1. Taking Arg42, is it surrounded by 13 or more Cβ atoms within 10 Å (Cβ to Cβ), charged (D, E, K, R) and either at pLDDT 95 or above or within 11 Å of the chain's Cα centre (by Cα) (or both)?
2. Is it the case that the range 10-27 has a residue that's out of contact with any strand residue (DSSP E or B) (no Cβ under 9 Å at 6 or more places or on another chain) and either in a strand (DSSP E or B) or touching a residue at least 24 places away in the same chain (Cβ under 8 Å) (or both)?
3. Select from the range 28-39 the residues that are assigned to a loop (DSSP other than H, G, I, E, B) and hydrophobic (A, V, I, L, M, F, W, C) and list them in ascending order.
4. I'm checking my understanding of the structure. Among residues of the range 58-83 that are surrounded by 13 or more Cβ atoms within 10 Å (Cβ to Cβ), more than 14 Å from Phe25 (Cβ to Cβ) and among the hydrophobic types (A, V, I, L, M, F, W, C), which one is farthest from the chain's Cα centre (by Cα)?
5. Conditions first: (1) part of a loop (DSSP other than H, G, I, E, B); (2) modelled with pLDDT of 95 or more. Ala2 passes all but one, so which condition is the exception?
6. May I ask you to list the residues in the range 5-26 that are modelled with pLDDT under 95 and among the hydroxyl-bearing types (Ser, Thr, Tyr)?
7. Go through the range 56-83 and count every residue that is touching a residue at least 12 places away in the same chain (Cβ under 8 Å) and out of contact with any strand residue (DSSP E or B) (no Cβ under 8 Å at 6 or more places or on another chain).
Amino acid sequence: MAKPNKKGPTKTVDIFCSACRASLFKYRKGGKGALVKCFIERISKDFTKEPCICPQCDRFFARVTIIRGTPAYKIIGGKVTFK
């Protein structure tokens, strides 16, 4: 499988915890679809203290995994929102 584009998209989205609305990170997302995974190299600003845990409510929102040979966060459905 092909690796994700290193440069990535220029448009950033803000990702929030769906429970407490805390800001989790700014992410360079490509396409119009749902947020299923976040490649770690595309995160432009990270507000979490520990990976995949909300800094305010201490809730897990993703799992660390390898997708197409690149480290990524696999988002758990309904745990995050973005705009």
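The values are calculated or read from the model by the stated rules, or taken from the named source; none is laboratory data. In this text, all values refer to a predicted model and were calculated from it rather than measured experimentally. Cβ sites come from the backbone with ideal geometry, for glycine too, and all protein chains shown count toward neighbours.
1. Numbers: surrounded by 13 or more Cβ atoms within 10 Å (Cβ to Cβ): yes; charged (D, E, K, R): yes; either at pLDDT 95 or above or within 11 Å of the chain's Cα centre (by Cα) (or both): yes.
Considered against the rule, which asks whether it is surrounded by 13 or more Cβ atoms within 10 Å (Cβ to Cβ), charged (D, E, K, R) and either at pLDDT 95 or above or within 11 Å of the chain's Cα centre (by Cα) (or both), Arg42 comes out as yes.
2. At the first step, the residues of the range 10-27 found to be out of contact with any strand residue (DSSP E or B) (no Cβ under 9 Å at 6 or more places or on another chain) are 19-20.
Checking which are either in a strand (DSSP E or B) or touching a residue at least 24 places away in the same chain (Cβ under 8 Å) (or both) leaves us with 19-20.
Yes, there is a match, as at least one residue in the range 10-27 is out of contact with any strand residue (DSSP E or B) (no Cβ under 9 Å at 6 or more places or on another chain) and either in a strand (DSSP E or B) or touching a residue at least 24 places away in the same chain (Cβ under 8 Å) (or both).
3. Ala34, Leu35, Val36 - these are the residues of the range 28-39 that are assigned to a loop (DSSP other than H, G, I, E, B) and hydrophobic (A, V, I, L, M, F, W, C).
4. Applying the filter and picking the extreme gives Ile67.
5. Among (1) part of a loop (DSSP other than H, G, I, E, B); (2) modelled with pLDDT of 95 or more, Ala2 violates only (2).
6. Passing the criteria: Thr10, Thr12.
7. Of the residues in the range 56-83, 3 are touching a residue at least 12 places away in the same chain (Cβ under 8 Å) and out of contact with any strand residue (DSSP E or B) (no Cβ under 8 Å at 6 or more places or on another chain).
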